[in-house]
Amino acid sequence: MRIFVPRDSVSVALGSDKLAAAITAEASRRGANVSVVRNGSRGMFWLEPLVEVESDEGRVGFGPMTLADVPALFSGDLKGHPKSVGLVEEIPFFAKQQRLTFARCGVTDPVSLTDYTSHGGFKGLEKARAMTPAAICAEVKDSGLRGRGGAGFPTGIKWETVRNAQAPQKYIVCNADEGDSGTFADRLIIEADPFCLVEGMAIAGLAVGATRGYVYLRSEYPLAISILREAIAIATDAGLLPDFTLEVREGAGAYVCGEETALLDSLEGKRGMVRAKPPIPALRGLFGQPTVINNVLSLAAVPYILAEGGAAYAAYGMGRSRGTMPVQLAGNIKHGGLFEIAFGITLGELINDIGGGTASGRPVRAVQAGGPLGAYFSPAQFDTPYDYEAFTARNGLIGHGGLVVFDDTADMAHMARFAMEFCAHESCGKCTPCRIGSTRGMEVLDKIIARENVAENAALIRDLCDTMKFGSLCALGGFTPYPVMSALTLFPEDFGVTSLPAAAE
Amino acid sequence: MTTQWDTSRAAGIISKYLPLEGPMLPILHALQEEFGFLSDEAIRLVAQTLNVSRAEVYGVVSFYHDFRQEPPGRHVLKICRAEACQSMGSEANAQKLLETLGLDWGDTTPDGRLTVEPVYCLGLCACAPSAMLDDELHARLDAQGLQALAGEVI
């Protein structure tokens, strides 16, 4: 009998290492023939640690498991186990998903090549090897895949630009500096299915003629770093990357390094300062060479696209948002986790139907979409479809797919101030609107919170946000106005504002 | 446990990373891992070896939140202060702990046992609030859990 005990950061943070040891010990005490597999997480984090036991009908889940629940796993009556959640793949949260990128997550042992290949792994890379670079780029263009880091730029066009550039060395750089609060999709795929990212990067290398790749992975994810390094070593030793050298580089705690040009400077060993564009990284990127720089999720979507065809991927989604998005439900939410679904589902369905509302049981007050630089939405906007353009039309952004839920105890003026504080804390300092504006913004919001000249200061904040939005060099200063202005516009009562200031254009 | 500064051992560590493209960050990480922080001697040696000015190395060291120029406490507790953890009450929990310990963010207890630092997201946002004690992750940490966690090492 195989028993699966996840080894991703969430499960480990909730004690899965001890659980795995206890299950092994209990099995040997009873002389039971059990092998414990350390799988990745399925992404149903409210159930973690979620232990799965193989049965004739499928894998049966138990969660959230504690050490005290271990002996009952061996009682012979699995259905009667107090923590049984039934067949894992029939849990509505799981069954309703369209898992293309995350298909193997939680199912397989993340560092088992056998598991990976027997679940469709390396099919895309194999196909790519038989194709011309132009054909690979065309396939990615046909898929409609857009940058999943937040900017939403068409991946195939980026690749095509790098392919057409002439240079002695080209690079594939993976942006795994997942600093947005409320996001964990990069972490999850790296910890649960690292070969998928390795394969995606190798395909990108073939598509543009790059022989070196770097994954810039944040230091706050120590487990992801070690799992990915292990996977790269295994793939390299197995001869699967004959023409591609892949290396993991650890970040050093700077949020701004998630901005692509700051990331490149950091990789080069400098302060993570944002570069002015042009030149674009596709032409002059890492060490001045043509560079594909993509988010983890963009690269991890590629193996499916090559294996099944761009059209198969593009068959999902709505409008110009093609394919699926791993939406991350976080914060004060009952069923928090990763939900991969085609674009088009509404915000309300995600929060209420899938997420089950708040964890506290209180009414939802606000949802921050797209990380610390994303706008707050109110329940009145829950009809917004999950789609790049629809979010933009509502003065928001999808970003990296995170949704952080707040209940009615949240103080939105405080959250607006936090956005400015965070920007001040993380600003690289290169451009004035971000460097100075964030600190001034914090001060003005402090005055509003202290109810000093509220109307005047609210107008000042609106002005400042305009300056930051249009004058900043990158999204850090440029998007900090989203949470600030949306909080002020949607929840003026928290600011002591009686007449609504017009929203920033 | 980290060790006393030793120039020849530091030089050995640096030489391991020299063949890398852009070796600065990996070198700084490795030196900090070994010696606990990046001392003036460390900065001088890195500058010398990479043939860049000390100011340049200092600029890099001071830019990144991870790099320290002072030795930390024997244990480091990083408490997440980002939005998802805030939505579950992390700020109040953290303030309570800091008050109990008589510390501010970034401070170390007088006996040198514990440094408390903010961290902006550990990626455990669906099981907030979260924290990391040394290399160990913790999630669903309520006020009591956080106090107990700190209590393990002080």
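Some points to look at:
- Reported to the nearest whole Å, the Cα centre-to-centre distance from segment A:299-367 to segment A:211-256 is 26.
- Interface residues, segment B:139-153 - accessible area loss of 10 Å² or more versus chain alone, probe 1.4 Å: B:139, B:140
- Carbon and sulfur %, accessible surface of segment A:113-314 computed with the full protein complex present, 1.4 Å: 55 percent
- Close Lys-Lys pairs in segment A:113-314, where close means Cα under 29 Å and separation is 8 or more or interchain: 14
- Secondary structure note: in segment A:117-272, about 10% of the DSSP beta bridges are antiparallel.
- Around residue A:120: net Lys/Arg minus Asp/Glu count, Cβ-Cβ under 10 Å: +1
- Amide H to amide H distances under 5 Å link residue A:213 with A:172, A:245, A:246, A:247, where only residues 5 or more positions off or on other chains count and H is placed in the peptide plane.
- Evaluating 6.51 cos²θ - 1.76 cosθ + 1.60 at θ = phi - 60° for every residue in segment A:257-267, the Karplus couplings come out as 5, x, 6, 4, 6, 5, 4, 5, 4, 5, 4 Hz, glycine and proline recorded as x.
- Cut-off of 10 Å, at most 15 other beta carbons, DSSP loop: longest stretch of chain B lacking such GluC sites (Glu not before Pro): B:22-151
- Alpha carbon centroid spacing (whole Å) that separates segment A:376-408 from segment A:146-174: 27 Å
- Environment charge of residue A:175, counting only residues whose C-beta is closer than 14 Å and scoring Lys/Arg +1, Asp/Glu -1: -3
- Alpha-carbon radius of gyration plus Dmax, which is the widest Cα pair, for segment A:57-153 in Å: 19.7, 58
- The H on the amide N of residue A:346, modeled in the peptide plane, is under 5 Å from the matching H of A:386, each at least 5 residues off or on a different chain.
- Shielding value for B:84-97 is 5, the average number of Cβ atoms from other chains within 10 Å of each residue's Cβ.
- Remark: segment A:245-253, residue by residue, has Karplus-estimated 3J(HN,Hα) of 9, 10, 9, 9, 10, 8, x, 9, x Hz, where x stands for each Gly or Pro and the curve is 6.51 cos²θ - 1.76 cosθ + 1.60 at θ = phi - 60°.
- In order along segment B:38-44, the Karplus-derived 3J(HN,Hα) couplings, from 6.51 cos²θ - 1.76 cosθ + 1.60 at θ = phi - 60°, round to 9, 7, 4, 4, 5, 4, 4 Hz, and Gly and Pro are given as x.
- Taking every alpha-carbon pair in segment B:7-63 and binning the separations at 5 Å intervals from zero gives 4, 21, 38, 28, 9, 0 percent.
- Per residue value of the accessible surface for segment A:1-157 (all protein chains in place, 1.4 Å probe), Å²: 41 Å²
- Restricted to Cα atoms, segment A:148-301 shows a radius of gyration and a Dmax of 14.1, 41 angstrom.
- 10 Å Cβ neighbours from other chains, averaged over peptide A:245-257: 4
- Over segment A:412-495, volume per residue of the alpha carbon convex hull, in Å³: 67 Å³
- Per-residue mean of foreign Cβ neighbours for A:110-119 is 0 (Cβ atoms of other chains, 10 Å radius).
- Amide H partners (placed H, <5 Å) of residue B:76, local residues excluded: B:115, B:134
- For chain A, the calculated P(r), taken from all Cα-Cα distances in 10 Å bins from zero up to the bin holding the longest distance, is 4, 19, 28, 26, 16, 6, 1, 0 percent.
- Solution diffusion estimate, µm²/s, Stokes-Einstein, segment B:75-151, Kirkwood Rh from C-alpha pairs, 37 °C, viscosity 0.692 mPa s: 274 µm²/s
- Counting only lysines at least 8 places from residue A:83 when in the same chain, those with an alpha carbon closer than 24 Å to its own are A:18, A:96, A:334.
- Over every Cα atom in chain B, the radius of gyration and the widest Cα-Cα span, Dmax, amount to 17.5, 50 Å.
- Over segment A:108-172 - Rg/Rh using Cα atoms and the Kirkwood inverse-distance radius: 1.06
- Rounded to 5, the percent of DSSP beta bridges in the protein assembly as shown classed as antiparallel: 55 percent
- Considered as an equivalent ellipsoid built on the Cα gyration tensor, segment A:2-95 has semi-axes of 19, 16, 11 Å, the largest given first.
- Positive-pole candidate from B:28, B:85, B:72, dipole of chain B, charges at beta carbon: B:28
- Intensity falloff of segment A:71-229 expressed as log10 I(q)/I(0), Debye formula with alpha-carbon point scatterers, at q = 0.12, 0.16 Å⁻¹: -0.65, -1.05
- Relative frequency of Cα-Cα separations exceeding 14 Å in segment A:168-249, percent: 59 percent
- Among the cysteines of chain B, those with no neighbouring cysteine Cβ under 4.7 Å are B:121, B:125, B:127.
- The equivalent ellipsoid of segment A:330-471 has semi-axes of 29, 18, 13 Å, largest first, where each one is the square root of 5 times an eigenvalue of the Cα gyration tensor.
The values are calculated or read from the model by the stated rules, or taken from the named source; none is laboratory data. Quick caveat: nothing in here was measured; it's all calculated off a predicted structure. Every residue, glycine as well, gets a Cβ built from its backbone with ideal geometry; the counts of neighbours run over all protein chains shown. Surface areas here come from the heavy atoms of the whole protein model, side chains and all, with no ligands, DNA or RNA. Shrake-Rupley method; radii C 1.70, N 1.55, O 1.52, S 1.80 Å.
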